[in-house]
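What follows is a set of notes on a single structure, which appears directly below.
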Amino acid sequence: MKNILVTGGTGYIGSHGVVALIESGYTPIIVDNLSNSSKEVLENIQKITGIKPDFYEIDLRDYENLESVFQKYDFEAVLHFAWAKAVGESSEKPFYYYENNILGSLNLFELMEQYDCKKIIFSSSATVYDSIKSPPFVETDMTGNTTNPYGTTKFLIENILKDLVNHKSFQVVNLRYFNPVGAHKSWLIGENPNGIPNNLLPFIMKVVVGELPAVQVFWDDYETKDGTGERDYIHVLDLIDGHLKALNFIEKSQENTWFFEVFNLGTGSATSVKEMIQFTSEIIGREVLYSIKPRRTGDLPSSFCDPLKAEKVLGWKAQISIKEAIEDSYNFMKKR
Ligand code: NAD
Ligand code: UD1
């Protein structure tokens, strides 16, 4: 059984990754500092898979403790999810974002080099695309001109990984996620941020369960199908399936080939804010209240990807509908 280091493995996406790795016969080892997740997730992973993965409460910035994990295991590859990811907060606390995301990643990469584990799947984001171009975004499109420190840290680490491919023979699959939503079919793991959510579907869910009064729709006069913002929402299970395909791609590649392969992970179609609210109303069988607010700084009218490269090269394609994703998020919220 191959050991896979999963940084951020108790987080929203990472926990789904851990479940999928176990179910595919890998042994995931989790490193997470629990800054945005809790140990309860481990029990839920055990309820789903029957296995409680090895877990280390370690901050990636803590080189010595991180090294102790590399000393203990021989890793086949790393799935690097650990990150501070709140866009708004990143503008308020840029230094924390640089330190956490960049220094943490540098420690990880240095240890990977030292312990000769150079295969990595990196969780990048659609946010790295230069918004000067209209969607659909293709992997070869320009990146940069990021609008917040969170995006800047993703952009910088993508570029650092390119250097490590060229100079330290890393094998990198760089996955640019569009908008992950939904929850595991057991509804035991999912996304439930503390406080007021930044992202749309978690916000809608808090309204649905009565924890917030109404959805704030950030503007309804964009040049989109109904004036509200459009995004490429992808079910977290589809997203994770993309990671398994990426892992397979890395494992099949020859040892002496070094690459930085970028793949968009999205559905290729866009859903508007009003459609998300409408679909949720249909699923829960009652109206979801909303009000129109001014546009949010940094928002694009529309963002969606061209997912064809992942289909051609990895044999991956998103399968689950947006309505099913909303249903899974709702069931997870009811069950938590
Ligand atoms: P999350 O916050 O739920 O998970 C991230 C995990 O990393 C958390 O459990 C947190 O405790 C841990 N962590 C943070 N800093 C750490 C550090 N210094 N050391 C150890 N652990 C640390 O976020 P998520 O939604 O699961 O996102 C996973 C990855 O996917 C992130 O890299 C994120 O930027 C990326 N991504 C997410 C989205 C999204 O909408 N959720 C979109 C694009 C990209
Ligand atoms: C946001 C981040 C992006 C990050 C992504 C995934 C910003 C500017 N961008 O993208 O960098 O990679 O999350 O974490 O924060 N909306 C509302 N009301 C809300 C919340 C959102 O109307 O309460 C709208 C937005 O205007 C947008 C859509 O819903 O049109 C989706 O928003 P969100 O879920 O925050 O994702 P992104 O804007 O794509």
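The values are calculated or read from the model by the stated rules, or taken from the named source; none is laboratory data. All figures in this text were calculated on a predicted structure; none of them were measured in a lab. Backbone-built Cβ (ideal geometry, glycine too); neighbour counts: all protein chains shown.
Output yes when any residue across region 8-23 is at pLDDT below 95, more than 13 Å from ligand 1 (Cβ to nearest atom) and surrounded by fewer than 21 Cβ atoms within 10 Å (Cβ to Cβ), and no when none is. Looking through region 8-23, none of the residues is at pLDDT below 95, more than 13 Å from ligand 1 (Cβ to nearest atom) and surrounded by fewer than 21 Cβ atoms within 10 Å (Cβ to Cβ).
Suppose the filter is at pLDDT 95 or above, touching a Lys or Arg at 6+ places or on another chain (Cβ under 7 Å), surrounded by fewer than 20 Cβ atoms within 10 Å (Cβ to Cβ) and of a type in the set (A, V, I, L, M); does Ile250 pass it? So Ile250 passes the test.
Yes or no, residue by residue, for (1) assigned to a strand (DSSP E or B); (2) away from ligand 1 (no atom under 16 Å from the Cβ); (3) under 30 Å from Ser90 (Cα atoms):
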| position | (1), (2), (3) |
| --- | --- |
| Lys274 | no, yes, yes |
| Phe279 | no, yes, no |
| Glu282 | no, yes, no |
| Ile292 | yes, yes, yes |
| Gly298 | no, no, yes |
| Val313 | no, yes, no |
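Could you tell me whether any residue of region 236-252 is in contact with a Pro (Cβ under 6 Å, 6 or more places away or on another chain) and under 26 Å from Asp299 (Cα atoms)? Yes, there is a match, as at least one residue in region 236-252 is in contact with a Pro (Cβ under 6 Å, 6 or more places away or on another chain) and under 26 Å from Asp299 (Cα atoms). Applying the condition of being more than 17 Å from Leu66 (Cβ to Cβ) and either surrounded by 20 or more Cβ atoms within 10 Å (Cβ to Cβ) or under 16 Å from the mean Cα position of the chain (by Cα) (or both) to region 27-40 and asking which residue is nearest to ligand 2 (Cβ to nearest atom) yields Asn36.
The residue of region 187-225 that is surrounded by the most Cβ atoms within 10 Å (Cβ to Cβ), among those that are among the charged types (D, E, K, R) and within 12 Å of ligand 2 (Cβ to nearest atom), is Glu191. Among the residues making up region 129-159, a single one is surrounded by fewer than 14 Cβ atoms within 10 Å (Cβ to Cβ) and touching a residue at least 24 places away in the same chain (Cβ under 8 Å): Ser134. Checking each residue in region 167-183 for being closer than 14 Å to Ala325 by Cα and either out of contact with any Leu (no Cβ under 7 Å at 6 or more places or on another chain) or among the charged types (D, E, K, R) (or both) picks out Asn179, Ala183. For the structure I just gave you, tell me whether Lys154 is at pLDDT 95 or above and either assigned to a loop (DSSP other than H, G, I, E, B) or of a type in the set (Lys, Arg) (or both). It is true that Lys154 is at pLDDT 95 or above and either assigned to a loop (DSSP other than H, G, I, E, B) or of a type in the set (Lys, Arg) (or both). For Phe95, the stated conditions do not hold, so it cannot be described as within 16 Å of the chain's Cα centre (by Cα) and among the hydrophobic types (A, V, I, L, M, F, W, C). Take region 316-329 and flag every residue that is surrounded by fewer than 22 Cβ atoms within 10 Å (Cβ to Cβ) and hydroxyl-bearing (Ser, Thr, Tyr). Within region 316-329, Ser321 is the sole residue that qualifies. All conditions but one from (1) in a loop (DSSP other than H, G, I, E, B); (2) farther than 18 Å from Asp328 by Cα; (3) modelled with pLDDT of 95 or more apply to Gly210; the one that does not is (2). What tally of residues in region 157-181 results from selecting those that are within 13 Å of ligand 1 (Cβ to nearest atom) and more than 24 Å from Val236 (Cβ to Cβ)? Qualifying residue count for the region: 0.
Considering only residues that are within 17 Å of Ser125 (Cβ to Cβ) and part of a loop (DSSP other than H, G, I, E, B), look in region 300-311 and name the one that is modelled with the lowest pLDDT. Break it down stepwise before answering.
So the first thing to find is which residues in region 300-311 are within 17 Å of Ser125 (Cβ to Cβ), and the list is 300, 302-307, 309-310.
Remaining after also requiring part of a loop (DSSP other than H, G, I, E, B): 300, 304, 306-307.
Working: Leu300: 93, Phe304: 98, Asp306: 98, Pro307: 98.
Per the stated criteria, the residue is Leu300.
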